[in-house]
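The values are calculated or read from the model by the stated rules, or taken from the named source; none is laboratory data. Note that the structure is a prediction, hence the values are computed from the model and not measured. We place every Cβ from the backbone using ideal geometry, glycine too, and count neighbours over all the protein chains shown.
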Amino acid sequence: MLNPIDTEAVIRDGGAIGHFPGEIHEGVAWWLGACFVDLSSANRLAVGSDGQPVTAEFFRRLCKGAVNAHHHACRVTAISGITENAFHAFIRRYQPLPGAYLAATRNPDATAMVRIRLYDANSELLTEDTGLSRIRRMIAEDRVPIPVSDSARGAIEHRSTTAVEAAE
């Protein structure tokens with residue numbers, strides 16, 4: 001595994017959490033996106049973020065990992081600059097729609113605490129029993145899914161926060 005992480009410390013609490021830079025890096029988002037889509041066999045996934053500069057590359061990588069997961073051809077709805085509550089309402093409205101939400105909290109030492117939360121098709125936060133432990137194991141054992149061909153690659157549709165909130 002290139003750029004390994006402490007999977008036990010980072011992959012927890014419904015997704016991944018860690019100080020950036022340091023405990024977590026942008027590649028973790030790719031791994032989570034690919035593993036989550038593969039594990040859930042999702043052909044659709046909503047990905048939201050708080051829109052902060054620190055989460056931008058995590059957001060991009062999670063979307064790319066999801067659309068590149070094996071043969072699933074996952075279609076990602078990407079919504080940057082949305083609150084977690086509004087994002088959660090969005091995935092509840094379109095159930096069964098799994099989702100991933102990214103946010104960061106700035107620390108005084110110029111690092112950020114980055115959190116990625118994974119929601120299953122019923123809009124419930126992923127738990128150890130509903131897939132988080134399997135995702136952790138896939139990452140720890142370097143079994144992150146890769147695309148099988150260009151035709152199996154999904155697509156990313158960017159939606160504005162305004163459009164999502166107007167649909168509510």
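Can you confirm whether the stretch 18-30 contains a residue that is among the charged types (D, E, K, R), under 23 Å from Thr130 (Cα atoms), modelled with pLDDT of 95 or more and in contact with a Lys or Arg (Cβ under 9 Å, 6 or more places away or on another chain)? Looking for residues that are among the charged types (D, E, K, R), under 23 Å from Thr130 (Cα atoms), modelled with pLDDT of 95 or more and in contact with a Lys or Arg (Cβ under 9 Å, 6 or more places away or on another chain), one finds none in the stretch 18-30, hence no.
Out of Ala73, Ala69, Ala78, report the one residue that is under 24 Å from His158 (Cβ atoms) and modelled with pLDDT of 95 or more.
It is Ala78.
Pairing residues of the stretch 18-34 that are among the aromatic types (Phe, Trp, Tyr) with residues that are crowded, with 19+ Cβ neighbours inside 10 Å, at Cβ distances under 6 Å and at least 6 apart in sequence or on separate chains, gives Phe20/Ala112; Phe20/Val114; Trp30/Arg61; Trp30/Gly65; Trp31/Ile139; Trp31/Val144.
The condition of being over 20 Å from Trp30 (Cα atoms) and of a type in the set (Gly, Ala, Ser) holds for only one of Ala104, Ala140, Ala100, Ala110, that being Ala110.
Screening Ala46 on (1) crowded, with 21+ Cβ neighbours inside 10 Å; (2) closer than 21 Å to Ala86 by Cα; (3) more than 9 Å from the chain's Cα centre (by Cα); (4) not aromatic (Phe, Trp, Tyr) shows it passes everything except condition (3).
Between Ala73, Ala78, Ala69, Ala56, which is surrounded by fewer than 23 Cβ atoms within 10 Å (Cβ to Cβ), in contact (Cβ under 8 Å) with a residue 24 or more places away in the chain, within 13 Å of the chain's Cα centre (by Cα) and not in a helix (DSSP H, G or I)?
Numbers: Ala73 fails: within 13 Å of the chain's Cα centre (by Cα); Ala69 fails: surrounded by fewer than 23 Cβ atoms within 10 Å (Cβ to Cβ); Ala56 fails: not in a helix (DSSP H, G or I).
The conditions single out Ala78.
Looking at Val47 and the list (1) assigned to a helix (DSSP H, G or I); (2) hydrophobic (A, V, I, L, M, F, W, C); (3) farther than 21 Å from Ser151 by Cα, which single condition is not satisfied? Only one criterion is unmet by Val47, namely (1).
Annotation: Val148 fulfils all but one of (1) touching a helix residue (DSSP H, G or I) at 6+ places or on another chain (Cβ under 9 Å); (2) assigned to a loop (DSSP other than H, G, I, E, B); the unmet one is (1). Inside the stretch 123-148, residues that are on the phi > 0 side of the Ramachandran plot and either modelled with pLDDT under 95 or of a type outside the set (S, T, N, Q) (or both) make up a count of 2.
Can you report the number of residues in the stretch 86-111 which are part of a loop (DSSP other than H, G, I, E, B) and surrounded by fewer than 21 Cβ atoms within 10 Å (Cβ to Cβ)? Explain how you work it out, then say what you get.
Quick first cut of the stretch 86-111, residues part of a loop (DSSP other than H, G, I, E, B) only: 94-98, 107-111.
Restricting the remaining residues to those that are surrounded by fewer than 21 Cβ atoms within 10 Å (Cβ to Cβ) gives 94-97, 107-111.
So the count comes out to 9.
Among residues of the stretch 114-125 that are buried (at least 24 other Cβ atoms within 10 Å of the Cβ), those with a beta-carbon under 8 Å from a residue that is polar (S, T, N, Q) at least six positions away or on a different chain give the pairs Val114/Thr55.
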